[in-house]
Amino acid sequence: MNYHLVLTRRCNLNCEYCHGGEENGPDTEVQYSLDDLARFIERDSDPQIMMYGGEPTIRIPQMMRVMDRFPNARFMLQTNALRLNLIPPDYVKRFHSILVSIDGREHVTDGYRSRGVYRRVLENVRWLRRVGYRGDIVARMAVSEQTDIYLDVRHLLDLEDPRFDHIHWQLNVIWDAEGNWTDFDGWVRDSYVPGISRLATEWVDRMEEEGVIEGIVPFLPLMYSLLTHRPSRLRCGSGLDTFAIHVDGRIGVCPISPDWDFSIVGDIYRTHPEELRDIMTVDEPCPSCEVYWICGGRCLFANKQRLWGESGFRKVCDTVKHLICDLKREVPRVRNLIGKGRLRKEDFNYPEYNNGCEIIP
Ligand code: SF4
Ligand code: SF4
């Protein structure tokens, strides 16, 4: 089972689309003991621990104690990377994947996140390479109205020093649209949709011309599903095999929703890991949707909560359907390359383990 371990609810940034830096007070910190946590985790035969916050790197000693206590667990990290270089190299190298928040070009990243963040993140990712980190470094973008998806993804893909192995993005469509968007519909129509189409076409062009499959996270597993016809369940795994351990020891289906009662499904004191499996699944309209087999339902939280209302939910679905449609169009070209032996189907099988990339933006 996969656990997002919330090391603190505090953050050292206060990004435009998140406001995590506003969390304060004693309730933001872990309230259970390491022994309490161990009694729960040790009942899981294959635990994966994903360090999460707030910002997990403001609690590095605690992170190290957890890593020491569970030597056989697999570890992932999601971080804004400002303090990444303060993790001792021996520990940082134990992460299977590190998801680093960066939103694309410098002015876009700094505009959302704070001045100077872009440069600091790149410096620390260079440090990560320098200390010999061999895992998967994923640039994780939050995408909002200032984003040009084509230019910002391209920018991150083209960086050479440091190089990111994969680029993933999430649309800023979970929380209230108020104040975040002035014209979501126009942005989707004029910027996002054409940008995705262009990225998808050029992604396959590059495969044809150079035999290179660029690490665009949402594209890889969707193309794999299209090639294999293997249906997918909710790709972020929430409620299925992926849970959050909140600072008070309650277990939730998703790390972002400790304050929503529906999302709490147990606690580390009384719940056995196996009781959690498949405890919550998406409701309609997903199971009846024509693309459910490949989308998987996008986001359990949005499916249950619908903070954008019914019509807002459908608008986001339209972006997903468009993405799937663009990739479907490219299937014959990809199949052709596989047929010629230039690529393998398995090249698209990403991620190896759920590393915190939700896959569907
Ligand atoms: S496109 Fe929308 S309705 Fe269809 S499965 Fe995905 S989230 Fe559900
Ligand atoms: S996609 Fe939705 S349900 Fe899944 S982890 Fe993200 S916010 Fe939670």
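The values are calculated or read from the model by the stated rules, or taken from the named source; none is laboratory data. Only a predicted model underlies this, so the values are computations on that prediction, with no experimental measurement involved. Using ideal geometry, Cβ is built from the backbone for each residue, glycine included, and neighbour counts are taken over all protein chains shown.
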Item checked: Residues being β-branched (Val, Ile, Thr), within 27 Å of Gly312 (Cα to Cα) and in contact with a helix residue (DSSP H, G or I) (Cβ under 9 Å, 6 or more places away or on another chain) - total across the stretch 182-232 -> 4
Checklist line | Unique residue being closer than 29 Å to Leu5 by Cα, surrounded by fewer than 16 Cβ atoms within 10 Å (Cβ to Cβ) and either at pLDDT 95 or above or more than 16 Å from ligand 2 (Cβ to nearest atom) (or both) when the list is Pro218, Pro231 | finding: Pro231
Item checked: Residue in the stretch 337-361 that is nearest to ligand 2 (Cβ to nearest atom), counting only those that are surrounded by 14 or more Cβ atoms within 10 Å (Cβ to Cβ) and not in a loop (DSSP other than H, G, I, E, B) -> Phe348
Next item on the list: Please tell me if Val131 is β-branched (Val, Ile, Thr) and out of contact with any Leu (no Cβ under 7 Å at 6 or more places or on another chain).
Entry: yes
Next item on the list: Return a yes/no flag: does the stretch 189-199 have any residue that is within 20 Å of Asn2 (Cβ to Cβ) and either over 23 Å from the mean Cα position of the chain (by Cα) or of a type outside the set (Ser, Thr, Tyr) (or both).
Entry: no
Note to self: Please go through the stretch 81-116 and give me each residue that is closer than 15 Å to Thr57 by Cα and hydrophobic (A, V, I, L, M, F, W, C), ordered by number.
What the structure shows: Ala81, Leu82, Leu84, Leu86, Ile87, Val92, Phe95, Ile98, Leu99, Val100
Next item on the list: Kindly indicate whether Glu284 is in a loop (DSSP other than H, G, I, E, B), farther than 30 Å from Leu199 by Cα and more than 16 Å from ligand 2 (Cβ to nearest atom).
Entry: yes
Next item on the list: Collect the residues in the stretch 336-361 that are among the basic types (Lys, Arg) and either in contact with a Gly (Cβ under 8 Å, 6 or more places away or on another chain) or under 23 Å from Gly296 (Cα atoms) (or both), keeping them in residue-number order.
Entry: Arg342, Lys345
Next item on the list: Would you tally the residues in the stretch 287-318 being polar (S, T, N, Q), assigned to a loop (DSSP other than H, G, I, E, B) and within 30 Å of Leu37 (Cα to Cα)?
Entry: 0
Next item on the list: Can you confirm whether the stretch 45-53 contains a residue that is in contact with a helix residue (DSSP H, G or I) (Cβ under 9 Å, 6 or more places away or on another chain) and exposed (fewer than 14 other Cβ atoms within 10 Å of the Cβ)?
Entry: yes
Item checked: Failed condition for Val331, given (1) surrounded by fewer than 19 Cβ atoms within 10 Å (Cβ to Cβ); (2) within 29 Å of His246 (Cα to Cα) -> (2)
Margin query: What's the total number of residues in the stretch 126-164 that are surrounded by fewer than 18 Cβ atoms within 10 Å (Cβ to Cβ) and among the polar types (S, T, N, Q)?
Written below: 1
Check: When you go through (1) surrounded by 14 or more Cβ atoms within 10 Å (Cβ to Cβ); (2) away from ligand 1 (no atom under 16 Å from the Cβ) one by one for Cys289, which number turns out not to apply?
Finding: (2)
Checklist line | Odd one out for Asp283 among (1) within 16 Å of ligand 1 (Cβ to nearest atom); (2) without any contact (Cβ under 8 Å) to a residue 24 or more places away in the chain; (3) crowded, with 16+ Cβ neighbours inside 10 Å | finding: (3)
Next item on the list: Within the stretch 295-309, track down each residue that is more than 9 Å from ligand 2 (Cβ to nearest atom), at pLDDT 95 or above and among the hydrophobic types (A, V, I, L, M, F, W, C).
Entry: Cys295
Margin query: Consider the stretch 292-318. How many of its residues are buried (at least 17 other Cβ atoms within 10 Å of the Cβ) and near ligand 1 (Cβ under 8 Å from one of its atoms)?
Written below: 11
Item checked: Every residue from the stretch 238-272 that is closer than 22 Å to Cys357 by Cα, of a type outside the set (A, V, I, L, M) and either within 16 Å of ligand 1 (Cβ to nearest atom) or not in a loop (DSSP other than H, G, I, E, B) (or both) -> Ser238, Gly239, Thr242, Phe243, Gly252, Cys254, Ser263
Check: Restricting attention to the stretch 113-125, which residues are surrounded by fewer than 16 Cβ atoms within 10 Å (Cβ to Cβ) and of a type in the set (Gly, Ala, Ser)?
Finding: Gly116
